[in-house]
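Structure record follows, encoded as structure tokens.
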Protein chains: 2
Amino acid sequence: MIAEYGFSAPAELGMTLEEVQTPCLVIDMSALEHNLKTMADQVVGMGVRLRVHAKAHKSVDIAKLQQVIGGACGICCQKVSEAEVFVRAGFRDVLITNEVRQPSKIDRMARLALGGARVLCCVDDLENVAELSEGASKYGVQIECLVEFDCGGGRCGVKSEDEVLKIAIAIEAARNLKFAGIQAYQGKAQHIQVYSERRDAIAISTAQVAEVKVHLETAGLSCDIVGGGGTGTFAFEGGSGVYNELQCGTYALMDADYNRVESAEGVCQPMFKNALFILTSVMSKTKRGIAVCDAGLKTHAVDSGLPKMFERTDVEFIHCADEHGAINDPQDKLCINDQLLLVPGHCDPTCNLHDFFVCMRDHKVEALWPISARGKLL
Amino acid sequence: MIAEYGFSAPAELGMTLEEVQTPCLVIDMSALEHNLKTMADQVVGMGVRLRVHAKAHKSVDIAKLQQVIGGACGICCQKVSEAEVFVRAGFRDVLITNEVRQPSKIDRMARLALGGARVLCCVDDLENVAELSEGASKYGVQIECLVEFDCGGGRCGVKSEDEVLKIAIAIEAARNLKFAGIQAYQGKAQHIQVYSERRDAIAISTAQVAEVKVHLETAGLSCDIVGGGGTGTFAFEGGSGVYNELQCGTYALMDADYNRVESAEGVCQPMFKNALFILTSVMSKTKRGIAVCDAGLKTHAVDSGLPKMFERTDVEFIHCADEHGAINDPQDKLCINDQLLLVPGHCDPTCNLHDFFVCMRDHKVEALWPISARGKLL
């Protein structure tokens, strides 16, 4: 059955960009390395750990680079099946930043620890503690658990320090489980464009997390990990003295939505460069002012807006169909097979659509990286 | 490298729905068969051919059923790499309803015809005729070409009958090409909800296509194929006396967006049943009135709106994050691991996110079908 999938790669090593088949995802390797080193410097400066979120890029190769030059102490995944990909590829410290509830998935997660990897997950329900304990005991492994505290994201997680404590005590008492700390990711704050509003949102959530931490410590439970933070807010959590592990993901590749997040000076995200692009070609030009390219909904996710043209203002991506993109081309500059570099609206679900990253350096294809955990939903 | 992908299937044959891992795509086999037979009856009644669009489901197994019980004369694909999957699986009559412009893709397309398959594509530019002729000649194969006429879609295709004629004459004169007719798909009209407005839009486009056809015939060029029509409008094109091949795709599986398209009586698409579902589970329930499920942007496309709850009005899917969905649950009925069936907003890009269809009949998994052409972008 695998043969049926017949991955057809868009490029071969050594090709120039013009030779690459489109549409595909392109990584600017220099920009990627710049981003990884910049974040590594940031976390060293703040004295916190960086547990990179692999759900952003889903790539074993990028995660390895994040460990080698990017200062990562471990990785985050969002799904058990994602974690399986990374553990299989040799990663030894993997946090699933999510609740694991289906019995079959708890079983899969427990088996991940059989080879000696440190496996962590989140818990927001007392009943889940017994389920996880049973799953870990079956294989004689240990699963470390963070209690998820909802610090404003409004999704999973409990809302009060008492609930956190109750679950933490249960974890500590359960066979084959270990209480490892607090998961507190303020997802909603990441994309607040105005710096002061973003800072204020995290100030509120961090104060809550600090109280939870003290509440646990008062009860004799210390937090190995107080984890959270993303590309939009990591400097606030990292500098708070409350969090000790940041979970940034998108900073490595960036996207148009994070480009809109402003610094204190009102500059759009100056710290990280766009390293991820959709390479598309013009494939129809029959009308004045409009060109049609080959990048549509199968090529990029539009939940956070349309892709942006990279370093061009004379043309604009204005509409997205299943397999086509419409480009506003008021001066009719575009010709058939002209290539365009688009910055995707949202990194994570865009990477999830592709089988490969075409990695470019000095105008040549340096590597072809599989998007290792694409489609890992379970 | 393939091993790294390690497809993890959400189900095994014989499982009940409750045993299936979530999130995943589920097909109701009875509903699928109903839809295929219904469309087969429709096209017989109208005396036209049905060339099913495989881009909707991307499945070799569904396309085979469409030939066996669904009255399909052949299939449509949108990309050369999609066509490769279907030709490799034994399909012998494949129309790429798109322009093929990159030299490497023309080469791939020409090679598709080497095994004897009938390969067709669309053309909307004179220069493309020479490119295609050269590509087909290199392998000594024939590529059949439809001239794409923009009958209101506003995307690819030429706008005037003279332009169509000019390209048709060039195709007819070109080595190893054959003029096969007109491609005229009015994509914009498919989703017009009100019946009369949809009918009127197609009346306009069909009148234009009729003129183009006469113009070609006057010049001595007959159209083997006048192709177009989709799930929203096929009855209009099929009954027009102008079109002779319909290119419907979504009717086989259906989605929430096409559910909103009304019949003459104002009934929402009564002809086809929902055969495609996202199966999701509740994985967090820490707040009153809200449940969190495991279906997010990685599970379904939201370009045409959020998924709809299937045959339930007491709960509603209200927000979509990368890996989570928020469910409005005002009566707090939902419990952890409760399963929900969602009708995806948009079939095509949702199927493109998954590796498998879990096919259910009589509450058991009857088959596990790979989504054969998922991710075929080139």
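The values are calculated or read from the model by the stated rules, or taken from the named source; none is laboratory data. What you are looking at is a predicted structure, and each value in this text was computed from that prediction instead of being measured. Because the Cβ atoms are built from the backbone with ideal geometry, glycine has one as well, and the counts that use them run over all protein chains shown. Please note that ligands, DNA and RNA were not included when accessible areas were found on the heavy atoms of the full protein model with its side chains. Shrake-Rupley method; radii C 1.70, N 1.55, O 1.52, S 1.80 Å.
Output the number of residues of region B:147-166 satisfying the condition of being more than 12 Å from B:ASP124 (Cβ to Cβ), within 10 Å of chain A (Cβ to nearest Cβ) and assigned to a helix (DSSP H, G or I). Steps first, please.
Step one: of region B:147-166, the residues more than 12 Å from B:ASP124 (Cβ to Cβ) are B:151-152, B:154, B:161-162, B:165.
After this cut, where a residue has to be within 10 Å of chain A (Cβ to nearest Cβ) as well, the list is B:154.
Right, trim to assigned to a helix (DSSP H, G or I) and you get none.
Total satisfying the criteria: 0.
Would you confirm whether any residue within region B:185-197 is under 28 Å from A:ILE318 (Cβ atoms), touching a helix residue (DSSP H, G or I) at 6+ places or on another chain (Cβ under 9 Å) and free of Cβ contacts under 8 Å to residues at least 24 places away in the same chain?
yes
Among the numbered conditions (1) crowded, with 20+ Cβ neighbours inside 10 Å; (2) of a type outside the set (S, T, N, Q); (3) over 22 Å from B:ARG260 (Cα atoms); (4) without any contact (Cβ under 8 Å) to a residue 60 or more places away in the chain, tell me where B:ASP294 comes up short.
With respect to (1) crowded, with 20+ Cβ neighbours inside 10 Å; (2) of a type outside the set (S, T, N, Q); (3) over 22 Å from B:ARG260 (Cα atoms); (4) without any contact (Cβ under 8 Å) to a residue 60 or more places away in the chain, B:ASP294 is out only on (4).
Applying the selection to region B:311-359, what residues are of a type in the set (A, V, I, L, M) and more than 10 Å from chain A (Cβ to nearest Cβ)? Steps first, please.
First pass over region B:311-359, keeping only residues of a type in the set (A, V, I, L, M): B:315, B:318, B:321, B:326-327, B:334, B:336, B:340-343, B:353, B:358.
Answer for region B:311-359, where residues must be of a type in the set (A, V, I, L, M) and more than 10 Å from chain A (Cβ to nearest Cβ): B:VAL315, B:ILE318, B:ILE327, B:LEU334, B:LEU340, B:LEU341, B:LEU342, B:VAL343, B:VAL358.
Six or more apart or on different chains, Cβ under 7 Å: which pairs go from a residue in region B:314-333 that's over 17 Å from B:THR22 (Cβ atoms) to one that's open to solvent by 60 Å² or more (accessible area, probe 1.4 Å)? Could you list them?
B:ASP314/B:GLN331; B:ASP314/B:LYS333; B:ASN328/B:GLU316; B:ASN328/B:ILE318; B:ASP332/B:ARG288
Condition (residue is at pLDDT below 95, at negative phi and of a type outside the set (Gly, Ala, Ser)) applied to region B:136-149: is it met by at least one residue? Explain how you work it out, then say what you get.
Taking region B:136-149 and keeping what is at pLDDT below 95, we get none.
So far as region B:136-149 goes, no, none of its residues is at pLDDT below 95, at negative phi and of a type outside the set (Gly, Ala, Ser).
I'm trying to understand the selection: among the residues of region B:311-333, which are assigned to a loop (DSSP other than H, G, I, E, B), out of contact with any helix residue (DSSP H, G or I) (no Cβ under 9 Å at 6 or more places or on another chain) and open to solvent by less than 20 Å² (accessible area, probe 1.4 Å)? Explain how you work it out, then say what you get.
Step one: filter region B:311-333 for residues assigned to a loop (DSSP other than H, G, I, E, B), giving B:311-315, B:321-324, B:329-333.
Among the residues that remain, those that are also out of contact with any helix residue (DSSP H, G or I) (no Cβ under 9 Å at 6 or more places or on another chain) are: B:311-315, B:324, B:329-333.
Result: B:VAL315, B:HIS324, B:ASP329.
Return the pair list, or none, for Cβ contacts closer than 7 Å from residues in region A:25-48 that are more than 25 Å from A:LEU279 (Cα to Cα) to residues that are acidic (Asp, Glu), at least 6 apart or on different chains.
Listed by first residue and then by second, the contacts come to A:VAL48/A:GLU245.
Please identify the pairs in which a residue from region A:242-265 that is free of Cβ contacts under 8 Å to residues at least 40 places away in the same chain has its Cβ atom under 7 Å from the Cβ atom of a residue that is among the small types (Gly, Ala, Ser), counting only partners at least 6 apart or on another chain.
A:VAL242/A:ALA210
Would you pick out the residues in region B:87-146 that are aliphatic (A, V, I, L, M), open to solvent by less than 30 Å² (accessible area, probe 1.4 Å), more than 19 Å from A:GLN21 (Cβ to Cβ) and within 12 Å of another protein chain (Cβ to nearest Cβ)?
If the condition is that a residue be aliphatic (A, V, I, L, M), open to solvent by less than 30 Å² (accessible area, probe 1.4 Å), more than 19 Å from A:GLN21 (Cβ to Cβ) and within 12 Å of another protein chain (Cβ to nearest Cβ), then B:VAL123 is the only one that fits.
For B:VAL80, only one of the following conditions fails: (1) more than 17 Å from B:TYR185 (Cα to Cα); (2) among the β-branched types (Val, Ile, Thr); (3) more than 11 Å from every other protein chain (Cβ to nearest Cβ). What is its number?
Every condition holds for B:VAL80 apart from (3).
For residues that are surrounded by 20 or more Cβ atoms within 10 Å (Cβ to Cβ) and either part of a loop (DSSP other than H, G, I, E, B) or charged (D, E, K, R) (or both), tally how many sit in region A:221-243.
Qualifying residue count, region A:221-243: 10.
Hey, could you check region B:49-68 for residues that are surrounded by 24 or more Cβ atoms within 10 Å (Cβ to Cβ) and more than 20 Å from B:CYS121 (Cβ to Cβ) and say which is farthest from the other protein chains (Cβ to nearest Cβ)?
Step one: list which residues in region B:49-68 are surrounded by 24 or more Cβ atoms within 10 Å (Cβ to Cβ), which gives B:50-59, B:62-63, B:66.
With more than 20 Å from B:CYS121 (Cβ to Cβ) added as a condition, the list becomes B:57, B:59, B:62, B:66.
Working: B:HIS57: 13, B:SER59: 11, B:ILE62: 14, B:GLN66: 18 Å.
Looking at the filtered set, the residue picked out is B:GLN66.
Being touching a helix residue (DSSP H, G or I) at 6+ places or on another chain (Cβ under 9 Å) and within 28 Å of A:LYS376 (Cα to Cα): is that true of B:LYS64 here?
no
Taking A:SER30 as meeting all but one of (1) buried (at least 24 other Cβ atoms within 10 Å of the Cβ); (2) part of a helix (DSSP H, G or I); (3) of a type outside the set (Asp, Glu), write down the number of the exception.
Only one criterion is unmet by A:SER30, namely (1).
Output the residue which, of all residues in region B:267-310 that are assigned to a loop (DSSP other than H, G, I, E, B) and of a type in the set (Gly, Ala, Ser), is farthest from the other protein chains (Cβ to nearest Cβ). Before the answer, list the steps.
Start the filter on region B:267-310 by keeping residues that are assigned to a loop (DSSP other than H, G, I, E, B), which leaves B:267, B:269-275, B:288-289, B:294-307, B:310.
Narrowing further to those that are of a type in the set (Gly, Ala, Ser): B:275, B:289, B:295-296, B:301, B:304-305.
Numbers: B:ALA275: 19, B:GLY289: 12, B:ALA295: 9, B:GLY296: 9, B:ALA301: 6, B:SER304: 9, B:GLY305: 12 Å.
Top of the filtered list is B:ALA275.
Out of the residues in region B:341-377 that are out of contact with any Leu (no Cβ under 9 Å at 6 or more places or on another chain) and either open to solvent by 10 Å² or more (accessible area, probe 1.4 Å) or not hydrophobic (A, V, I, L, M, F, W, C) (or both), state the one that is nearest to A:HIS354 (Cα to Cα).
Kept after step one, since they are out of contact with any Leu (no Cβ under 9 Å at 6 or more places or on another chain), are these residues of region B:341-377: B:361-362, B:369-370, B:372-373, B:376.
Next cut, either open to solvent by 10 Å² or more (accessible area, probe 1.4 Å) or not hydrophobic (A, V, I, L, M, F, W, C) (or both) only: B:361-362, B:369-370, B:372, B:376.
Numbers: B:ARG361: 32, B:ASP362: 35, B:TRP369: 20, B:PRO370: 17, B:SER372: 15, B:LYS376: 9 Å.
The selected residue is B:LYS376.
Would you mind stating whether A:VAL282 is within 28 Å of A:CYS335 (Cα to Cα), surrounded by fewer than 24 Cβ atoms within 10 Å (Cβ to Cβ) and not charged (D, E, K, R)? Let's see the steps before the verdict.
Numbers: within 28 Å of A:CYS335 (Cα to Cα): yes; surrounded by fewer than 24 Cβ atoms within 10 Å (Cβ to Cβ): yes; not charged (D, E, K, R): yes.
When the stated conditions are applied, A:VAL282 passes them.
Report, ordered by the first and then the second residue, all pairs with beta carbons closer than 6 Å, sequence separation of six or more or different chains, a first member in region A:341-359 that is more than 18 Å from A:PHE317 (Cβ to Cβ), and a second member that is part of a strand (DSSP E or B) and among the aliphatic types (A, V, I, L, M).
Cβ pairs passing all conditions: A:PHE356/A:LEU368; A:PHE357/A:LEU25; A:PHE357/A:ILE27; A:VAL358/A:VAL26; A:VAL358/A:VAL365; A:CYS359/A:ILE27; A:CYS359/A:ALA367.
Being within 12 Å of another protein chain (Cβ to nearest Cβ) and either at positive phi or basic (Lys, Arg) (or both) is the requirement here; does A:LYS188 meet it? Outline the logic, then answer.
Details: within 12 Å of another protein chain (Cβ to nearest Cβ): yes; either at positive phi or basic (Lys, Arg) (or both): yes.
Criteria met by A:LYS188.
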